[in-house]
1. As I understand it, the value is the acute angle between the Cα axis of helix 146-158 and the longest principal axis of the Cα atoms of the chain; what does it come to in degrees, rounded to 10?
2. LEU110 to ASN260: FRET efficiency via 1/(1 + (r/R0)^6), r the Cβ-Cβ distance, R0 41 Å, to the nearest 0.05?
3. If the elastic network links every pair of Cα atoms under 10 Å, which of LEU214, LEU140, LEU167 fluctuates the most in the Gaussian network model of the chain?
4. Take the Cβ-Cβ distance between ALA188 and ALA137 as r, set R0 to 25 Å, and report the resulting FRET efficiency rounded to the nearest 0.05.
5. Using label points projected 7 Å from each Cα along Cα→Cβ, tell me how many nm separate GLU118 and ALA229, to one decimal.
6. Going 7 Å from the Cα of THR125 along its beta-carbon direction, which residues of segment 150-173 have the amide nitrogen within less than 17 Å of the resulting point?
7. Let me have the 222 nm mean residue ellipticity of the chain computed from DSSP H runs of 4+ only, each contributing -39500 (n - 2.57), with the sum over all residues rounded to the nearest 500.
Amino acid sequence: MMNYAAAGHAAIRADDLTVVRGRRTVLHHLRFTVPPGQITGLLGPSGCGKSTLMRTVVGTQARATGTLDVLGRPAGHATLRSRVGYVTQAPSVYDDLTVRQNLEYFAAILDPGRAAAERRHDHVTRAIADVDLTRHADALAGTLSGGQHSRVSLAVALLGAPELLVLDEPTVGLDPVLRRDLWNLFHALAADRGATLLISSHVMDEAERCHRLLLMREGEILADDTPDALRTRTGADTVEAAFLHLVDEAATAHRTQEQNR
Ligand SMILES: Nc1ncnc2c1ncn2[C@@H]1O[C@H](COP(=O)(O)OP(=O)(O)OP(=O)(O)O)[C@@H](O)[C@H]1O
């Protein structure tokens, strides 16, 4: 896993990325990079295009134009399947299987065949331990609490030790203790395994926990920077205040442009 990060390439590189859904252009000519081995937060209000961008990164979004390279390959390339883990907002965990059975099921899809049985067993055991569900490994997923349930989805994404983890609002609905524990896990994955994490949230205080931020609004990227640099640049105390400052700045620039036409 460390090789890609060590080579110093961007984990994700977008240039002129545009995505159309239905009749609407949802992402407009995006250009950004996501560095390897770090946590990049994708933040912005509901409906700004975060999930669409994540779907495009993992290759499940149709009608994307421009360039989008993921771990050095075009997004959605077959070889990325085991290198990218993805947790959606609507996780696909089977409630009538135990935690371990769920993981075994997905591990068998990812790494099939009898010869891989031992490796699969190790990956499953490790993924369950990573999300701190070892004590619940034999519980039916349907009997778990909301927080435990979302950690099963995360464990599925961790199978096979992916180099890039794309997590769509992983902490939504979790209590503060679980949120903190999950963020600690995200940091450990980046620091100890060199994983790259792209994590969306519309909770601005989570921004402070990221190494870098992509701030989005209405399908555009308002800023691509570190939390510190954003606060310094805008003279704001918090990332939330910095975001609001950038929104106002963009609105003023837009009005000026319109007037000069
Ligand atoms: N299937 C679709 N057809 C047309 N437009 C869509 C479709 N799905 C989403 N959209 C639109 O695309 C825009 C971006 O949606 P997206 O789900 O990416 O936003 P988001 O930032 O992830 O929102 P949230 O934080 O609420 O999940 C929204 O305006 C939404 O209405």
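Throughout, read-outs are computed from the coordinates displayed, never taken from laboratory work. Predicted model, so just to flag it, every value in this text is computed and none were measured. Here the Cβ is made from the backbone with ideal geometry for all residues, glycine too, and neighbour counts use every protein chain on show.
1. 90 degrees
2. The calculated FRET efficiency here is 0.15.
3. Taking springs between Cα atoms under 10 Å, the residue moving most is LEU140.
4. The computed FRET efficiency comes out at 0.80.
5. 4.7 nm
6. Residues 159-161 fall inside that zone.
7. Helix-only estimate at 222 nm: -12000 deg cm²/dmol.
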